[in-house]
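The values are calculated or read from the model by the stated rules, or taken from the named source; none is laboratory data. What you see is a predicted model; the values in this text were computed from it and never measured. When we count neighbours, we look across all protein chains shown, and the Cβ atoms used for this are built from the backbone with ideal geometry, even at glycine. Side chains are part of the model used for accessible areas, which takes the heavy atoms of the whole protein and leaves out ligands, DNA and RNA. Shrake-Rupley method; radii C 1.70, N 1.55, O 1.52, S 1.80 Å.
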Amino acid sequence: MQKASTKRMSLLIVCALLTATGVGVWIYQITQGLAITGMNNGSSWGLYIACFMFFVGLSAGGLIVASSASVFGVRDFKKVSRPAVLLSTVCIIAAAAFILIDLGGIQRVFNLIIHPNLTSPLMWDVIVISVYLLINLVYLVLLRKPDEQRSARALAITSRFALPVAILVHSVTAWIFGLEIAKAGWYSAIMAPLFVSSALDSGLALLLVVLVVLNAARLFETSRKLIASLAGLLAVFIAVDAFMVLSEIITMAYPGAPEEAFVLAELTRGTMAPWFWFQVIGGLVVPFLLLVFSRLREKTPVVVVASTLVVLGVFCKRIWLLLTSFIEFNVSGAPGLAFGRAERTATETWTLVGTYSPTWAELLITLGVLALAVLVYTLLAPRLFGTLPTHALHDDDSTERHARADVLLDGPQAAAGTQAEVG
Amino acid sequence: MTRLAIAISQERCTGCQTCVNACKMENNVPMGMLWNRVITVGTDVMDGAVGSYPNLSKEYLPLACQHCENPACMAVCPVGATYKDEKGRVLINYDLCIGCRICMAACPYNARCFNWEEPVRDPDFNYGHRDVPVRPRGVTEKCTLCKERTDADLEPMCVVCCPTRARTYGDLDDPESEISKLIREKHAYQLLPERGTNPQVHYYK
Ligand code: SF4
Ligand code: SF4
């Protein structure tokens, strides 16, 4: 016990330090401008926006699993509602943080509220993410007392809003890219389904990793059987994601049109190839093979490895999806585009293709947001599940496991509210 | 209605880059960025030729904001900082711009520049026209069709300074204007018409 709390303490300290560093560098960025990042007039978005997409996606898994459990009455999955919704909340806050960090004119950010333009997908996203965050918070509050008749009812209603909004959040984020006719690699009807499917697999994968960690930290108990069945669902999500990627790639490849061919060449053999192939092999094929056999996915370490690979794979996908479309300029020719920095020499001022690599400042800020997310989760987790019955949300056929959980977490009185379910 | 525009003769353009510098001076464009560029099409060296000897060709393309009739940049701007004014110019309200740069991703012509840093000028003073607003760090900027000049019924600086008179400025909505006639008679074309942005800037040979 002593050991567990020192571990937790050191995790908190490390995260707090990293967060503080990130905040410090962000303040520096505000004073200096985005010039301290690697972004430029060619690649005008970079790591921040990739992380924004990534975290919006990660946030999906939690809420979609929790709310569809409620909407479709998948009793088993309801058990993980609390860690899942907390994960979803923390991830969407991180995503929103990345959007704010990416703004060049943060001091004018209130214009989003006083001067909105409703034709902008970015505006849609601001609205939908705000609603989504609100739903997450309501969900969390309700999950604190799920055994009360009233909050069970409210929970059932909230979950019916949560599911469509969760899907919408990922679609709208996709449309920020998918509606840009300027970019051959983005402008595609598959963008929204593709985002939703990578949100599903990466989000569920992260949830699985978190559940295993919580198990180890004795903060929240999830049975091996439930982990295995969630892992089975993950295998299905991976297959759907792979199918979407395949559909997109084959549609781009088949006509052999020059613009699409360029994007494809960059992906499969060019600068983006490591990211692309890692995602395809490490993020889709390998984890799918690990999870598709029920004997393998019953082994928790296998699930952890596969899930981690899926999360990393989707991160790689965010990177290639974002950057590939910045490489070629639609109207190109020497000397190219003015890069956007004064101190560069005459020859460096020009760039014939979009180039980008993140700077230290960007990496530190990104790490800071990551640490903040872990910090918030670690701080809130014991408050949210430590003192509360974990199984009050569901009635369970496996009384044996049930009883064990009772003893472990909250004592027998918690069994009272089990039938309070609506829906 | 008025739809101000420029028509550019690619036959006349010699790639001298005069309009590039005229624009930069007039509009106080900081170091490291340009509102107007002249590219040599299809090569990675300036003034380079395309093809293999002796079948060579060389083509220059002056490139700035196309003042699209259906501006992709305007639709996506979350705060409505990018707008089309009553004279058909696509402009940016720098007080509204939050620097999200979705407009840069949306513009098919890479016409927009961003103030990544505190603007640097060399020589170190505002060399632009006194009425041209000085843009702060963190906002996007691009060709305004020399708003301050065209508001005063003067031609844009690139049009005035072009030594080969490759540029013609005027109103597309006036069928008798020189630019409308040129576009009709020379079968002028637009850049990337398939993007549906419908540029007001036209090219002809
Ligand atoms: S050229 Fe680009 S910046 Fe200019 S109006 Fe068209 S889309 Fe907007
Ligand atoms: S960078 Fe400025 S002008 Fe461009 S879309 Fe964002 S707010 Fe609008």
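Below, the figures for the structure above:
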| read-out | value |
| --- | --- |
| Residue in segment A:77-85 that is away from chain B (no Cβ under 14 Å), in a loop (DSSP other than H, G, I, E, B) and not small (Gly, Ala, Ser) present | yes |
| Qualifying residue in segment A:121-142 (condition: open to solvent by less than 80 Å² (accessible area, probe 1.4 Å), more than 22 Å from A:SER59 (Cβ to Cβ), out of contact with any Pro (no Cβ under 8 Å at 6 or more places or on another chain) and in a helix (DSSP H, G or I)) | no |
| Residues of segment B:84-112 that turn out to be closer than 24 Å to B:MET25 by Cα, β-branched (Val, Ile, Thr) and either more than 9 Å from ligand 2 (Cβ to nearest atom) or within 9 Å of chain A (Cβ to nearest Cβ) (or both), as a count | 1 |
| Filter pass, B:ARG165 being charged (D, E, K, R) and open to solvent by less than 80 Å² (accessible area, probe 1.4 Å) | no |
| B:GLY138 being closer than 30 Å to A:ILE327 by Cα, touching a Leu at 6+ places or on another chain (Cβ under 7 Å) and free of Cβ contacts under 8 Å to residues at least 60 places away in the same chain | no |
| Any hit, segment A:250-270, residues being open to solvent by less than 50 Å² (accessible area, probe 1.4 Å), among the polar types (S, T, N, Q) and under 22 Å from A:ILE176 (Cα atoms) | no |
| Top-ranked residue of segment B:83-98 - restricted to ones that are within 20 Å of the chain's Cα centre (by Cα) and assigned to a loop (DSSP other than H, G, I, E, B), ranked as surrounded by the fewest Cβ atoms within 10 Å (Cβ to Cβ) | B:GLU86 |
| Per-region count, segment B:113-134, residues within 16 Å of ligand 2 (Cβ to nearest atom), within 22 Å of B:LYS147 (Cα to Cα) and open to solvent by 10 Å² or more (accessible area, probe 1.4 Å) | 2 |
| Test: residue in segment B:161-171 that is assigned to a helix (DSSP H, G or I) and either modelled with pLDDT under 95 or more than 16 Å from ligand 2 (Cβ to nearest atom) (or both) | yes |
| Selected residue [over 20 Å from B:PRO62 (Cα atoms), open to solvent by 50 Å² or more (accessible area, probe 1.4 Å) and of a type in the set (A, V, I, L, M, F, W, C)] from B:ALA152, B:ALA105 | B:ALA152 |
| Entirely in segment B:9-74, the strands (runs of 3 or more DSSP E) that have 3 or more residues that are within 8 Å of chain A (Cβ to nearest Cβ) and of a type outside the set (Phe, Trp, Tyr) | B:37-41 |
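Each row is one residue, and each column tells you yes or no for (1) closer than 22 Å to A:GLY62 by Cα; (2) β-branched (Val, Ile, Thr); (3) touching a residue at least 40 places away in the same chain (Cβ under 8 Å).
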residue	(1), (2), (3)
A:LEU284	yes, no, yes
A:ARG297	yes, no, yes
A:THR308	yes, yes, yes
A:LEU312	yes, no, no
A:ILE319	no, yes, yes
A:LEU322	no, no, yes
